[in-house]
Structure formats: C-alpha cells, structure tokens
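No lab work stands behind these numbers, since they all come straight from the coordinates. Note that the structure is predicted; figures quoted are calculated from it, not measured. Every residue, glycine among them, receives a Cβ derived from its backbone with ideal geometry; neighbour counts consider all protein chains shown.
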Amino acid sequence: MSTPPPPDIDDEETAQGLRKIVHIDMDAFFASVEQRDNPALRGKPVAVGGSSARGVVAAASYEARVFGVRSAMPSVRAARLCPDLIFCPPRFDVYKAVSRQIRQVFLHFTPHVEPLSLDEAYLDVTDDLRGIGSATRIAELIRARIRAETGLTASAGVSYNKFLAKLASDQNKPDGLCVIRPGEGTAFVAALPVKRFHGVGPRGAEKMSALGIETGADLAGHDLAFLRTHFGAQADYLYRAARGIDLRRVRADRPRKSVGGERTFDRDIGSGAALREALERIIGIVWERIERSGARGRTVTLKLKDTEFRTITRARSLPGPVPDEAAFAEAARALLDGVLPLQQPVRLMGLTLSALEGEGSPPAPTGGAEAGQGSLPF
C-alpha cells in the first residue's frame, strides 16, 4: 500500500513567510556537455581545463571524480591521480548557450530565478506561473524538461529556505532529488557533517574538529558567544545554519559585486618566486570562475594575509572591463610585484574582479526562517 503524499502548504502558512524554494544544480556541467557532444568521451574520465604544468581543472566528470579529481585542482595532480584522464579545453561559449536554454526552462515555471553561475540557480516557486502548487512536482518537471531539451541531467533540492534547498540538491547527486519539509530542517542539519555547510572550507572544518565540532548537532550545541570567540564574523551565519535558518530571499537577477577566490597555503610562503608560482595557480582558478559567471569588471584586487594575520590589499582599475585572462594575469602580477619583498611570510593569497557591469546593491534579506510543523508539497 503506497503512502499518500503530504498536503501542500496552505495559504495561511505562505502568508506567514513560508516559501517554496528549489535549488537546481547541473551534474558535472562542463564535463557533461563535452561527453554529450562527443560520444567517444561517454563513460570515460574527463576533465575540462588545460593539461599544461600550470593548468587547472575547471570541471571533472563523475568517472574522473572516482579517482579524486576535483575542480580547481592543478592539472598535473589530476593526471597523477587518474593516468587515463582525458583533458578537454573549455568551450565557454557553448556552456553559456546551454545555460541560457536551462534558464528558459526555469522561467517557464517562475520569474523568481537567482542564478549563482552557469550551472546552478535558486527558484522561488511559491507562486508558480503554471499553477502547479507542488514545489516537488515543479522540480521533477524542470529536471525532465532539462533532460529532454539539452540531453543533460540536473539534481534538485526542495525546501523552505535557500540554505536547506542547496544542501538538499547535493544530497542525492547525480541526477537526484531531495526534499526537506518544514519542521525537518533542524534534524537534517544536525546529522550533517559541518564540512558540507556552504562556506565552511577544509581549514574551517579542521578548526571545528579541533574544538570537537564534527556535525551540525555539535555546532548547535554552542552558543553565539562561543562561536564569536572562535569564528568571528562567521559566527552569526554558523549559529543560524546549525538550526536550519536562512533569512535570504531569492533575488531575481541580483547583480554580483565581485568574483574571486583565495587560497590558504599548507605552509607559509615567503619567497617571491614561490608567491609568483602560487599566484599563477590562483589566476587560473579565478579566471575560470569569472568566465563561468559571465562577469565583466574593471578592478583587479590582490589580497595577502601574513603569518600574523595582517591583511595587505592592492587594487588596479582598468579604463574598461578586463578583456581576457592575459590582461587579468598581467594586472595581478603587477600588483604582487608592487608589494615584494614582504616582511613576513604569507599564509593566504586571493584575487578578486570587481566594479562589475550592472553592479548594484541588493535589498536587505528578509523572510524564510525555520518554520514550525507543516509539509512541503510532494
């Protein structure tokens, strides 16, 4: 005997701020496009990116991930992990075209679409255009339509806020669906390793582990004062996340203010030669993110943090948008040369592109906190 689906959210619950949020994340997007367009690559380990000594993996197929190959990994290391790895040069024009196809699928169901990159987005389907009413059914229809129109698979997470929906979309990858209903968020997060939390990197997870924090439940066991002592500005986010709370709304076409990335080194770096080598790696990673997001900006900023946690920043603004990776790299190298030699070794380096076209200030986030008992529609 099958179990009947739970009831949809009623109008009163929606009026009180409970939202229906879907997070769609394409599965190994760049690599999947390459496998789709070249049948000889299907079922084989594929990495999108350069195979040179300074190359960086932009995306890896699931066959490559079995060997430990991951995005942002140096290509040399990826080749060592997977000797049969096939490298494909990026085709960003193709990826952008496919992304536009996927975006049109989203807009068929709701105008409230917040893209995060070419391959993922948040959708608020509380008031969907087709009158379907069920967030889970909408997610199923979106996944089916993406497959039919592009030949690619997508994973989806359905919940009542963005934080939980994003966690859910990663739960059953690839080609999966996960739903976290109202009232289930706290329990779901409690069982989750903290390294799965968006914004908690390897170093952050190590620090938490040293404090005896391994899961969401461990994190929720500490008060805000403790978290502020150990995690500073990130404390408020961690406090809410451990309780399944997220106050952000889906912001359609919210403009980015910057695109960038940073790396904390395993060992502090003091020599100019080593810093220049590290910079080349970061240039490749950050430019891939810039291409992936479609951002165009004028200002390149270099960030360094030394062993005493002092931060050094240097910026250079161009007359117009940075045209290509070569120009981005030239600006970054000039910024680093301008601060060398350094008085103290460096533990962190980062690069950012800002002053983006269409940049603006989004409204303050509101709504969408942890709900009481109830059920998201199935």
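Key figures for this structure:
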quantity	calculated
Under 5 Å, built H, 5+ apart or other chain: amide partners of residue 128	133
Whole-Å distance, taken between Cα centres, linking segment 190-268 and segment 46-118	25 Å
Rounded if a/c under 1.5, otherwise prolate or oblate - segment 187-241, Cα gyration tensor axes	rounded
Full-stretch length increase - residue 103, residue 141 - with 0.36 nm per residue and alpha-carbon distance subtracted	12.3 nm
Order of 316, 310, 42 - criterion: other Cβ atoms within 10 Å of each residue's Cβ, fewest first	310, 42, 316
Burial order of peptide ranges 219-230, 21-32, 289-300 (average beta-carbon count within 10 Å, highest first)	21-32, 289-300, 219-230
Long-range amide H partners of residue 265 with built H, under 5 Å	348, 349
Most to least packed among 148-157, 128-137 [average Cβ atoms within 10 Å]	148-157, 128-137
Computed helical MRE - 222 nm, the chain, DSSP H runs ≥ 4 contributing -39500 (n - 2.57), nearest 500	-11000 deg cm²/dmol
DSSP-defined beta bridges in the chain - what % are antiparallel, rounded to 5	90 percent
Between helix 325-339 and the chain: long-axis angle, C-alpha atoms, 0 to 90°, nearest 10	60 degrees
At R0 = 30 Å, FRET efficiency that the Cβ-Cβ distance of residue 87 and residue 175 yields, to 0.05	0.75
Relative contact order %, the chain, counting alpha carbon pairs below 8 Å whose residues are six or more apart	20 percent
The chain: angle of helix 92-109 to the longest principal axis, Cα-based, in degrees nearest 10	20 degrees
Acute angle (nearest 10 degrees) that the helix 272-293 long axis makes with the longest principal axis of the chain, alpha-carbon atoms	30 degrees
Separation in nanometres of the label points that stand 7 Å from Cα toward Cβ, at residue 271 and residue 76	1.4 nm
Calculated P(r) of the chain - Cα pairs past 36 Å, %	27 percent
Segment 73-90 - phi-based ³J(HN,Hα) in whole Hz, Karplus 6.51/-1.76/1.60, Gly and Pro as x	7, x, 4, 4, 5, 4, 5, 5, 5, 9, x, 8, 4, 9, 8, 10, x, x
Nitroxide proxy distance, nm - points 7 Å out along Cα→Cβ at residue 187 and residue 309	3.9 nm
Sites residue 339 and residue 296, calculated FRET efficiency, Cβ-Cβ separation with R0 25 Å, nearest 0.05	0.40
Loop-resident sites, segment 284-340, for chymotrypsin sites (Phe, Trp or Tyr not before Pro), counting at most 13 other Cβ within 10 Å (DSSP)	309
Extension reserve of the residue 233-residue 211 stretch, reckoned as 0.36 nm per residue once the Cα distance is removed	6.2 nm
Residue 280 versus residue 148: modelled label distance in nm, points set 7 Å from Cα along the beta carbon direction	5.0 nm
